[in-house]
Protein chains: 2
Amino acid sequence: MAEKLLQVIPLGGLGEFGMNCLALRYGDDIVVIDAGMMFPDAELLGVDIVTPDFTYLEQNRDKVRGLILTHGHEDHIGAVPFLLSEIDVPVYGSEFTLALVERRLEEHEMAEQVRLHRVKPGEKVTLGPFEIEFIHVTHSIVQALALAIRTPLGVVIHTGDFKIDPTPTDNELFDLHTLAEYGRRGVLLLLSDSTNVDRPGYTPSERAVLPRFEEIFNRAQRRIVITCFSSSVHRIQQILDIAHASGRKVAFLGRSMLSCTEIAHSLGLLKIPDNLLLRPQDIMSAPPHRVVVVVSGTQGEPMSAMSRVAVDNHKHLRLERGDVVVHSARIIPGNEKAIGRMMNHVARRGAEVVAGQMNPPVHVSGHASQEELKLLLNLVRPRYFVPIHGEYWQMSKHAALAAHLADYGLEDTFVLETGQTLLIDEDGARRGESVPVGRVCIDSGSIDEVVEDMVIRDRRHLSEDGFLIPIIAIDKHTGRVEGPPEIVTRGFVSPEERADLLAAARDVVIRTIESSTSEERSDWGVIQEKIRADLKRFLNKQTQRRPLVLPVILEV
Amino acid sequence: MAEKLLQVIPLGGLGEFGMNCLALRYGDDIVVIDAGMMFPDAELLGVDIVTPDFTYLEQNRDKVRGLILTHGHEDHIGAVPFLLSEIDVPVYGSEFTLALVERRLEEHEMAEQVRLHRVKPGEKVTLGPFEIEFIHVTHSIVQALALAIRTPLGVVIHTGDFKIDPTPTDNELFDLHTLAEYGRRGVLLLLSDSTNVDRPGYTPSERAVLPRFEEIFNRAQRRIVITCFSSSVHRIQQILDIAHASGRKVAFLGRSMLSCTEIAHSLGLLKIPDNLLLRPQDIMSAPPHRVVVVVSGTQGEPMSAMSRVAVDNHKHLRLERGDVVVHSARIIPGNEKAIGRMMNHVARRGAEVVAGQMNPPVHVSGHASQEELKLLLNLVRPRYFVPIHGEYWQMSKHAALAAHLADYGLEDTFVLETGQTLLIDEDGARRGESVPVGRVCIDSGSIDEVVEDMVIRDRRHLSEDGFLIPIIAIDKHTGRVEGPPEIVTRGFVSPEERADLLAAARDVVIRTIESSTSEERSDWGVIQEKIRADLKRFLNKQTQRRPLVLPVILEV
């Protein structure tokens, strides 16, 4: 029966935010949907990016037929170079998505050896037993796709990320009709985006920001500086249009803003009227009331263009009293303080800050709220439902939203976490065995720079209470201690101010050695352990802190 | 003329969130308003709480006449024990505020030696040249006070934290009349809360959560678990009332919840109907549909009652399928991920999570939004205005809100940051010289446990890339190196997996020593510096990481 079995294998993004990756397997054929990264929690000290653990795919590398990308956000494509450096498979996605992937691959000097296949909505691709149709959905990035995957057991719908924008700025409507047709004919399994399941009602259309931009453009007397995500082509198009209408020129600042707008422009996705653009080096010489600057760095990333502008450290833009700085992006959880600090610097330069919640909004989400999620569920009317993309509690809520579909053929809903599989055969769906998953922590963005868990654990320990290393020199011939122990400490107490404490620690070491039996002294491992235990107890009692204590015995 | 000079000296909370503290000085007399703490940013590694630097007050200890507390939140009273351990002054505040202070003082074994003076709205206290009237305001804590401080140069109004709740749950209305009367007679300076200045409109009344609680109580089939701030007496009273009306008993869980509700009850601020309370140990034996549990730990603090309940590690409450868990509190920036993780654990136990934004709301803010801030400005109509309590960009926005008052006598607005003073004399107001301020980082909550900046800097460095310590033994008679260098490293690379790298690092050390001149070798400081520089360069090139490198030379 194994050949008549469909397996759903989430490798990332279920029960955690970011690094979305999911495999579908039927017999000896696997397709992978998305390979995203996530930005690390504050606890992952010194780690720059986190990718899924692709062990399952590496173990089955000969079975993987392709990687399908729903859209170009980092949490869907950011791990593509890392996955492709392990397994060599063709990649399918929309033109814009693949252009962003290509840029990433170039950074890793991998662009040559990768097979990228551009697809359009309505197109179908066959990979082994899977026939995949690409369906246009609206989202905060252009050319986002949902997937209808025909398998021998029925159709699987994967929404990717979406909202149902009734008035998208590019008039490319959400393809309700194709989803409705699949729903009418019968869908085996729906996998749907849970990101905004806690929001009641509808997410406003991308156009909802226009009245706010109009208000700002109407009243601003000097420069307008807008920071938004560089992949928000719809947002940037609206800024270009209103700038054009109000007689302002537009300059782009920041590496990712420049490269994304260039890609979108070259693909015809961003329409830039003639003579609208201003070169960055001309910003300060143009009349201030005739300038808009669109800058990357919405999250207060320390080296981003917006952060540098805020502290007056950008060669092309100097904020002045009367400028208006607009934060037109969501705050990714964990970045509140960095963004607040950036806005404080902006305000200190005398510029006005427009940020946060307001009506009309200065930013709208790209993810569906409750009413849209229900609309999608009702259109697709699946037999089984698995919420994806969300924290566990969000996926639980999404599962509850689908309950009324029991009257329309919904047989069961499964809240799966990354690694937990679902098996579907002719008898129906059930939970399967888990596969190995996890997160891979990467330093400084290079594929070689994986950081082991143990190293991160040590960093965490060091970050809380520092370390203290007693160094004891022992004569290897006589076994006698040579001179007083040396103590090296950092991140624990100030050595100058607590010289008394360190002297006492030295005494503890000496006493531990002196009180040891000659048997113990013949085994440096035992002595080390005794010193560590005695010192830890002493230091904790004196300071309530628990530095990493690492006795070193040097035979000389 | 120095005796006819009023100085406004912010010591904390202006341009930063939390640790509010402000001094008013006239000649040789100082009053201090609030002494709050803040919870550290993630960057302040291993630090538990942060207080203002009270150096200015310590240098002028003989001039400080009293400490006045506006209300009992941690960002207004959390540093009281730390301030009082340095300067001995009487403390004035409402009954509830002082009860919370007393609890803090007991933890530090200081309750005996402190002079606490309970005050009521409408009462006046004279401290040197200052006559202070206490004015009732509405806020998310009971017995919050604004201050009208009569000085020889005019009246200063300090709002404390407030919103203008038109329908407070205890029917204690915001005292508009007294503020109006001061405004009519003329106010020299207004200091007003800027926390919610970015929110348009009005903050909903505390009563706005009632429809949501009713909805939850009406549909919940089993236990209802609500986590809220333990000092939110109004919120807790509403929970008690609706529990009583719907035939559920109420249990409190968590140390701070138990102690706060006990204080509020003993002061008559929390009205608990007979037989309503359930002991924690009886929660699991009572019928689930007859139980509400109110739990502290809204921010996902690791050891809090709510966190322990979420991971099924609390002896008195075990979550079960069908329970409803309600998060009725704001998310303090920086805690999003911890709270998300807590809610994931709750959802994994099969309980429903009610959290986030919804309408009707499950939480309302205690701070005034824009329309309320304007109402307050219009009531008080000050000659000078200084926004307080907020990030710099929020205070800038608040300053802009007051601009229309220029037609009503507002002469100037000053956006001050902590440490920047304002001077007012008979000629008017102007900026003065700055005073020394800063933050004091405290480990594990003890007054003795100040963490120096350098130690925190080291922890940050260690947290990112760990350390590497080469240890070289040198014969003090011959100056020769004894044996190969020892290398100790943690948080950098895994010593097992990168044995090659560490061996190469050892070679770098040996080569550096061998290539040194005999002059250099006679100065261990020089050798240490050379080894550090060579190793750092080598390690950075090999790994792109920058561990703390600390060569140790042991003379044996």
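The values are calculated or read from the model by the stated rules, or taken from the named source; none is laboratory data. In this text, all values refer to a predicted model and were calculated from it rather than measured experimentally. No Cβ is skipped: glycine too gets one built from the backbone with ideal geometry, and neighbour counts run over all protein chains shown.
For residues that are more than 16 Å from A:Pro52 (Cα to Cα) and in contact with an Asp or Glu (Cβ under 7 Å, 6 or more places away or on another chain), tally how many sit in segment A:418-438.
Here the count works out to 2.
Of the residues A:Phe39, A:Phe82, only one is assigned by TED's automatic domain parsing to the domain that holds A:Ser434, in contact with a helix residue (DSSP H, G or I) (Cβ under 9 Å, 6 or more places away or on another chain), under 26 Å from A:Glu452 (Cβ atoms) and not aliphatic (A, V, I, L, M); which? Working first, answer last.
Values: A:Phe82 fails: in contact with a helix residue (DSSP H, G or I) (Cβ under 9 Å, 6 or more places away or on another chain).
Every option except A:Phe39 fails the conditions.
I'm checking my understanding of the structure. Among residues of segment A:373-410 that are closer than 16 Å to A:Ala429 by Cα and within 14 Å of another protein chain (Cβ to nearest Cβ), which one is surrounded by the fewest Cβ atoms within 10 Å (Cβ to Cβ)?
Checking each candidate, the answer is A:Ala399.
Name the single residue, out of those in segment B:540-553 being of a type outside the set (Val, Ile, Thr) and under 16 Å from B:Pro485 (Cα atoms), that is farthest from the other protein chains (Cβ to nearest Cβ). I'd like the intermediate steps shown before the answer.
Here is the first cut: in segment B:540-553, the ones of a type outside the set (Val, Ile, Thr) are B:540-542, B:544-548, B:550-551.
With under 16 Å from B:Pro485 (Cα atoms) added as a condition, the list becomes B:550-551.
On the way: B:Leu550: 6, B:Pro551: 10 Å.
Checking each candidate, the answer is B:Pro551.
For the structure I just gave you, tell me whether B:Arg349 is within 17 Å of A:Ser396 (Cβ to Cβ), among the charged types (D, E, K, R) and surrounded by fewer than 23 Cβ atoms within 10 Å (Cβ to Cβ).
Against the criterion (within 17 Å of A:Ser396 (Cβ to Cβ), among the charged types (D, E, K, R) and surrounded by fewer than 23 Cβ atoms within 10 Å (Cβ to Cβ)), B:Arg349 qualifies.
Run down B:Asp425, B:Asp412, B:Asp458 and say which single residue is over 25 Å from B:His367 (Cα atoms) and assigned by TED's automatic domain parsing to the domain that holds B:Ser85.
Exactly one of B:Asp425, B:Asp412, B:Asp458 is over 25 Å from B:His367 (Cα atoms) and assigned by TED's automatic domain parsing to the domain that holds B:Ser85, namely B:Asp425.
Identify all residues within segment B:482-502 that are closer than 15 Å to B:Ile471 by Cβ and without any contact (Cβ under 8 Å) to a residue 12 or more places away in the chain; write none if there are none.
B:Gly483, B:Pro495 - these are the residues of segment B:482-502 that are closer than 15 Å to B:Ile471 by Cβ and without any contact (Cβ under 8 Å) to a residue 12 or more places away in the chain.
With the condition being more than 30 Å from A:Leu6 (Cβ to Cβ) and within 14 Å of another protein chain (Cβ to nearest Cβ), I'd like the helices (runs of 4 or more DSSP H) fully within segment A:411-523 carrying at least 1 qualifying residues.
Correct list: A:453-465, A:499-514.
Being closer than 30 Å to A:Leu191 by Cα, in contact with a Lys or Arg (Cβ under 7 Å, 6 or more places away or on another chain) and of a type in the set (S, T, N, Q), is that true of even one residue in segment A:334-346?
Looking for residues that are closer than 30 Å to A:Leu191 by Cα, in contact with a Lys or Arg (Cβ under 7 Å, 6 or more places away or on another chain) and of a type in the set (S, T, N, Q), one finds none in segment A:334-346, hence no.
Considering only residues that are within 17 Å of B:Ala402 (Cβ to Cβ) and among the hydrophobic types (A, V, I, L, M, F, W, C), look in segment B:181-215 and name the one that is surrounded by the fewest Cβ atoms within 10 Å (Cβ to Cβ).
Out of the qualifying residues, it is B:Leu188.
Name the residue, out of B:Ile135, B:Ile33, B:Ile68, that is within 30 Å of A:Ala338 (Cα to Cα), aliphatic (A, V, I, L, M) and either under 20 Å from the mean Cα position of the chain (by Cα) or surrounded by 16 or more Cβ atoms within 10 Å (Cβ to Cβ) (or both).
B:Ile33
Quickly run through segment B:139-152 and pick out the residues that are in contact with a His (Cβ under 9 Å, 6 or more places away or on another chain) and not in a loop (DSSP other than H, G, I, E, B).
Within segment B:139-152, B:Ala144, B:Leu145, B:Ala146, B:Leu147, B:Ala148, B:Ile149 qualify.
Determine which member of the set B:Val114, B:Val155, B:Val125 is within 21 Å of B:Pro81 (Cα to Cα), out of contact with any Ser or Thr (no Cβ under 8 Å at 6 or more places or on another chain) and either modelled with pLDDT of 95 or more or not in a helix (DSSP H, G or I) (or both).
Result: B:Val114 is the single residue among B:Val114, B:Val155, B:Val125 that is within 21 Å of B:Pro81 (Cα to Cα), out of contact with any Ser or Thr (no Cβ under 8 Å at 6 or more places or on another chain) and either modelled with pLDDT of 95 or more or not in a helix (DSSP H, G or I) (or both).
For the structure I just gave you, tell me whether B:Val481 is over 24 Å from A:Asp475 (Cβ atoms) and of a type in the set (Val, Ile, Thr).
no
What tally of residues in segment A:377-410 results from selecting those that are assigned to a helix (DSSP H, G or I) and out of contact with any strand residue (DSSP E or B) (no Cβ under 6 Å at 6 or more places or on another chain)?
Residues of segment A:377-410 that are assigned to a helix (DSSP H, G or I), as a first pass: A:377-380, A:392-401, A:403-408.
This time we only want the ones that are out of contact with any strand residue (DSSP E or B) (no Cβ under 6 Å at 6 or more places or on another chain), so: A:377-379, A:394, A:396-397, A:400-401, A:403-408.
Residues in segment A:377-410 being assigned to a helix (DSSP H, G or I) and out of contact with any strand residue (DSSP E or B) (no Cβ under 6 Å at 6 or more places or on another chain): 14 in total.
Kindly indicate which of B:Thr70, B:Thr51 is over 20 Å from B:Met395 (Cβ atoms) and hydroxyl-bearing (Ser, Thr, Tyr).
Testing whether each residue is over 20 Å from B:Met395 (Cβ atoms) and hydroxyl-bearing (Ser, Thr, Tyr) leaves just B:Thr51.
Can you confirm whether segment A:57-64 contains a residue that is closer than 30 Å to B:Gly334 by Cα and buried (at least 24 other Cβ atoms within 10 Å of the Cβ)?
no
Filter the helices (runs of 4 or more DSSP H) completely within segment B:172-252 down to those with at least 1 residues that are free of Cβ contacts under 8 Å to residues at least 60 places away in the same chain and in contact with a Phe, Trp or Tyr (Cβ under 8 Å, 6 or more places away or on another chain).
On the way: elements: B:176-185, B:210-219, B:233-245.
The qualifying helices (runs of 4 or more DSSP H) are B:233-245.
Could you please find all residues in segment B:529-556 being among the β-branched types (Val, Ile, Thr) and part of a strand (DSSP E or B)?
First, the residues of segment B:529-556 that are among the β-branched types (Val, Ile, Thr): B:531, B:543, B:549, B:552-553, B:556.
Those that are among the β-branched types (Val, Ile, Thr) and part of a strand (DSSP E or B): B:Val549, B:Val552, B:Ile553.
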